[in-house]
Amino acid sequence: MWTLAAAALLMLALCGFALLVSGFSRAQNVIHAMAGAMVLYCVSLLGYWSIGFAIQSHGLLFLRNVLPSPASPEFVRLPFFAMAAAIAVAIPAGALAERWRLISMLVVGAVVSMAMYPMVARSVWGGGWLSRMGASAGLGHGVVDFAGSGVVHLVGGLVGFSGAVVVGPRFGKFGHDGRPTAMPGHHVPMFMAGSLLIGAGWLGFVLGMGPSVADVRLALAAINVAVAPAAAVVTAVGYMIWRFGTPDPSLLANAWLAGLVSVSAGGAFVSSWAAAVIGIVSGPLVIESVLFLERRRLDDPAGAVSVHGVCGAWGLLAVGLLANGESGDGLNGVPGAVRGLFYGDAAQFVAQAIGAGVIALFVVAASAVLFRTLGRGVNRVAVHAEREGLDAAELGTTAYPDFGVAGSTHELRR
């Protein structure tokens, strides 16, 4: 019941993500953004249920080879891990909003949920080689990622990065001189409410991961998941006032999410003051990352690459720096608690850095091949569809008919 309740909380995070991407989208693309999140969730659930869970758990290709009976204890873990996979698969929708075709979403979601994500999860959570580096090579406890900074968020963020590079920016986003044009989201309360709802779902991730990891302190992990995003938001507000003169609500929401992403890997292994430090770093980090990528002509409407990719990598590294040696005894078959560089174990930091690098190289390369194989015609809507709005062009309707920029295709046909 504990694990199933945690899975239900994770579903709240997916609802929040749909609101987040919809709020960051312009009015003519709202329904498409919401439908895209739903499509990615559904295809990832089927892909992970049919093949992905078997790969993550046992390195096999079919679920029937893994769970002969629904009474198996592992069967209870399936809904929870399926929700985690769905979050990873949904993240690219934020980076590719307002130009990503639904047919490409179906294909990418299926491939990521059936192969890419479970292969990474297998290597870190399923007893794979990244988790065994401690026992086999003496690198701390191997890669430690309690609640998915690397397995979930780094994977999803870098799939979005590859997609944004291959698909290209939205029409009109960058001028001939390369300078970006502001394309603000249509509904600030919507994306801010979505980010808060994601925070509620995050507790499900922490509570659900606890039973699968020996010797962890769930109460501390829950406190850390509250402290880190709070520190990130407060620091981001001060940083934006110093840098811009006033806070930006979109960056404020991104800072909240950045704190959640960054503390996920080490939530059960760091002290609360260290969780605050992780958040303090992640607030300005996500702001500068968003600005840096935009200067490099990467169009990411929701800041997904910065929030999940950059801060996911920071979360992995933070474990290697700040794990305090008070929990995790026996994790990944290594005796003793998890200690970071600042507590005397430089090898743990090396393991975390290797893990972040290997995951990044694999995901970027594999997803770039996937997007390029599909081609521009499958990945991206036509320019006239972008101008009209994806709600009308791909779905034949509009979210706000009284204020829409274009009538529905059904109306045009009549």
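Within the range 270-300, can you find the residues that are within 26 Å of VAL206 (Cβ to Cβ), more than 21 Å from the chain's Cα centre (by Cα) and not β-branched (Val, Ile, Thr)?
Once the filter is applied, which keeps residues that are within 26 Å of VAL206 (Cβ to Cβ), more than 21 Å from the chain's Cα centre (by Cα) and not β-branched (Val, Ile, Thr), the range 270-300 yields SER271, SER272, TRP273, ALA274.
LEU285 is checked against (1) in contact (Cβ under 8 Å) with a residue 60 or more places away in the chain; (2) closer than 24 Å to ALA95 by Cα; (3) among the hydrophobic types (A, V, I, L, M, F, W, C) and fails just one. What number does that condition carry?
(1)
Does at least one position in the range 263-281 carry a residue that is of a type in the set (Gly, Ala, Ser), modelled with pLDDT under 95 and in contact with a Lys or Arg (Cβ under 9 Å, 6 or more places away or on another chain)?
Yes, that holds for at least one residue.
Identify, from the list LEU154, LEU139, LEU106, LEU158, the residue that is out of contact with any Ser or Thr (no Cβ under 8 Å at 6 or more places or on another chain) and under 16 Å from GLY315 (Cα atoms). Don't jump to the end; show me each part of the working.
Working: LEU139 fails: under 16 Å from GLY315 (Cα atoms); LEU106 fails: under 16 Å from GLY315 (Cα atoms); LEU158 fails: out of contact with any Ser or Thr (no Cβ under 8 Å at 6 or more places or on another chain).
Exactly one of LEU154, LEU139, LEU106, LEU158 is out of contact with any Ser or Thr (no Cβ under 8 Å at 6 or more places or on another chain) and under 16 Å from GLY315 (Cα atoms), namely LEU154.
In this structure, does PHE269 turn out to be in contact with a strand residue (DSSP E or B) (Cβ under 8 Å, 6 or more places away or on another chain), within 30 Å of GLY127 (Cβ to Cβ), touching a residue at least 24 places away in the same chain (Cβ under 8 Å) and crowded, with 22+ Cβ neighbours inside 10 Å? First the steps, then the outcome.
Values: in contact with a strand residue (DSSP E or B) (Cβ under 8 Å, 6 or more places away or on another chain): yes; within 30 Å of GLY127 (Cβ to Cβ): yes; touching a residue at least 24 places away in the same chain (Cβ under 8 Å): yes; crowded, with 22+ Cβ neighbours inside 10 Å: yes.
Spelling it out, PHE269 is indeed in contact with a strand residue (DSSP E or B) (Cβ under 8 Å, 6 or more places away or on another chain), within 30 Å of GLY127 (Cβ to Cβ), touching a residue at least 24 places away in the same chain (Cβ under 8 Å) and crowded, with 22+ Cβ neighbours inside 10 Å.
For the subset of the range 219-266 comprising residues that are touching a Pro at 6+ places or on another chain (Cβ under 6 Å) and not hydroxyl-bearing (Ser, Thr, Tyr), which member is farthest from TRP125 (Cα to Cα)? Outline the logic, then answer.
Kept after step one, since they are touching a Pro at 6+ places or on another chain (Cβ under 6 Å), are these residues of the range 219-266: 237, 239-240, 256, 259-260.
Subsequent filtering for residues that are not hydroxyl-bearing (Ser, Thr, Tyr) retains 237, 240, 256, 259-260.
Values: VAL237: 35, MET240: 37, TRP256: 26, GLY259: 22, LEU260: 20 Å.
Selected residue: MET240.
Would you point out the residue of the range 39-88, among those that are of a type in the set (Ser, Thr, Tyr) and surrounded by 16 or more Cβ atoms within 10 Å (Cβ to Cβ), that is modelled with the lowest pLDDT? Let's see the steps before the verdict.
Kept after step one, since they are of a type in the set (Ser, Thr, Tyr), are these residues of the range 39-88: 41, 44, 48, 50, 57, 69, 72.
From what's left, surrounded by 16 or more Cβ atoms within 10 Å (Cβ to Cβ): 41, 44, 48, 50, 57.
Values: TYR41: 95, SER44: 96, TYR48: 94, SER50: 89, SER57: 85.
Among residues in the range 39-88 that are of a type in the set (Ser, Thr, Tyr) and surrounded by 16 or more Cβ atoms within 10 Å (Cβ to Cβ), the one modelled with the lowest pLDDT is SER57.
Could you say which residue among GLY238, GLY245, GLY303 is without any contact (Cβ under 8 Å) to a residue 12 or more places away in the chain and on the phi > 0 side of the Ramachandran plot?
Answer to the selection: GLY245.
Name the residue, out of GLY336, GLY309, GLY320, GLY325, that is within 26 Å of SER131 (Cα to Cα), in contact with a Phe, Trp or Tyr (Cβ under 8 Å, 6 or more places away or on another chain) and at pLDDT below 95.
On the way: GLY336 fails: in contact with a Phe, Trp or Tyr (Cβ under 8 Å, 6 or more places away or on another chain); GLY309 fails: at pLDDT below 95; GLY320 fails: at pLDDT below 95.
Going through GLY336, GLY309, GLY320, GLY325 in turn, just one is within 26 Å of SER131 (Cα to Cα), in contact with a Phe, Trp or Tyr (Cβ under 8 Å, 6 or more places away or on another chain) and at pLDDT below 95: GLY325.
Please enumerate the residues belonging to the range 16-27 that are assigned to a helix (DSSP H, G or I) and crowded, with 19+ Cβ neighbours inside 10 Å. Walk me through it before giving the result.
Keep residues of the range 16-27 that are assigned to a helix (DSSP H, G or I), which gives 16-24, 27.
If the condition is that a residue be assigned to a helix (DSSP H, G or I) and crowded, with 19+ Cβ neighbours inside 10 Å, then GLY16, PHE17, ALA18, LEU19, LEU20, VAL21, SER22, GLY23, PHE24 are the ones that fit.
Can you tell me which condition GLY172 does not meet? The list is (1) small (Gly, Ala, Ser); (2) assigned to a helix (DSSP H, G or I); (3) more than 30 Å from GLY127 (Cβ to Cβ), and all the others hold.
(2)
Just need a number here: residues in the range 307-359 that are in a loop (DSSP other than H, G, I, E, B), buried (at least 24 other Cβ atoms within 10 Å of the Cβ) and of a type in the set (A, V, I, L, M, F, W, C). I'd like the intermediate steps shown before the answer.
The initial filter retains those residues of the range 307-359 that are in a loop (DSSP other than H, G, I, E, B), namely 323, 325-330, 334-338, 340, 344-345.
From the residues that got through so far, the ones that are buried (at least 24 other Cβ atoms within 10 Å of the Cβ) too are 323, 328, 338, 340.
So of that shortlist, the ones also of a type in the set (A, V, I, L, M, F, W, C) come out as 323, 338.
The qualifying residues number 2.
Within the range 292-306, count every residue that is assigned to a helix (DSSP H, G or I) and not basic (Lys, Arg).
Taking the range 292-306 and keeping what is assigned to a helix (DSSP H, G or I), we get 292-295, 304-306.
Cutting the leftovers down to not basic (Lys, Arg) gives us 292-294, 304-306.
Looking only at that region, the number is 6.
Here is a list of conditions, (1) in a helix (DSSP H, G or I); (2) surrounded by fewer than 22 Cβ atoms within 10 Å (Cβ to Cβ), and PRO184 meets all of them except one; can you say which number that is?
(1)
Which ones in the range 83-134 are part of a loop (DSSP other than H, G, I, E, B), among the small types (Gly, Ala, Ser) and either more than 20 Å from ASP391 (Cα to Cα) or in contact with a Phe, Trp or Tyr (Cβ under 6 Å, 6 or more places away or on another chain) (or both)?
Step one: filter the range 83-134 for residues part of a loop (DSSP other than H, G, I, E, B), giving 91, 96-99, 101, 125-132.
From the residues that got through so far, the ones that are among the small types (Gly, Ala, Ser) too are 97, 126-128, 131.
Across the range 83-134, the qualifying residues are GLY126, GLY127, GLY128, SER131.
Among the listed residues LEU251, LEU207, which satisfies the condition of being modelled with pLDDT under 95, surrounded by 20 or more Cβ atoms within 10 Å (Cβ to Cβ) and not basic (Lys, Arg)?
Exactly one of LEU251, LEU207 is modelled with pLDDT under 95, surrounded by 20 or more Cβ atoms within 10 Å (Cβ to Cβ) and not basic (Lys, Arg), namely LEU207.
As an exercise: evaluate SER282 against (1) buried (at least 19 other Cβ atoms within 10 Å of the Cβ); (2) out of contact with any Cys (no Cβ under 6 Å at 6 or more places or on another chain); (3) assigned to a helix (DSSP H, G or I) and give the number of the one condition it does not meet.
If we test SER282 against (1) buried (at least 19 other Cβ atoms within 10 Å of the Cβ); (2) out of contact with any Cys (no Cβ under 6 Å at 6 or more places or on another chain); (3) assigned to a helix (DSSP H, G or I), just (2) comes out false.
Within the range 360-391, restricting attention to residues that are more than 18 Å from MET183 (Cβ to Cβ) and among the small types (Gly, Ala, Ser), which residue is surrounded by the most Cβ atoms within 10 Å (Cβ to Cβ)? Give the steps one after another, and end with the answer.
Quick first cut of the range 360-391, residues more than 18 Å from MET183 (Cβ to Cβ) only: 360-379, 382.
With the extra rule that they be among the small types (Gly, Ala, Ser), the set shrinks to 360, 365-368, 375, 377, 382.
Values: ALA360: 20, ALA365: 12, ALA366: 19, SER367: 24, ALA368: 17, GLY375: 11, GLY377: 11, ALA382: 14.
Residue satisfying both the conditions and the ranking: SER367.
The values are calculated or read from the model by the stated rules, or taken from the named source; none is laboratory data. Note that the structure is a prediction, hence the values are computed from the model and not measured. With ideal geometry, Cβ positions are generated from the backbone for all residues, glycine too; neighbour counts draw on all protein chains shown.
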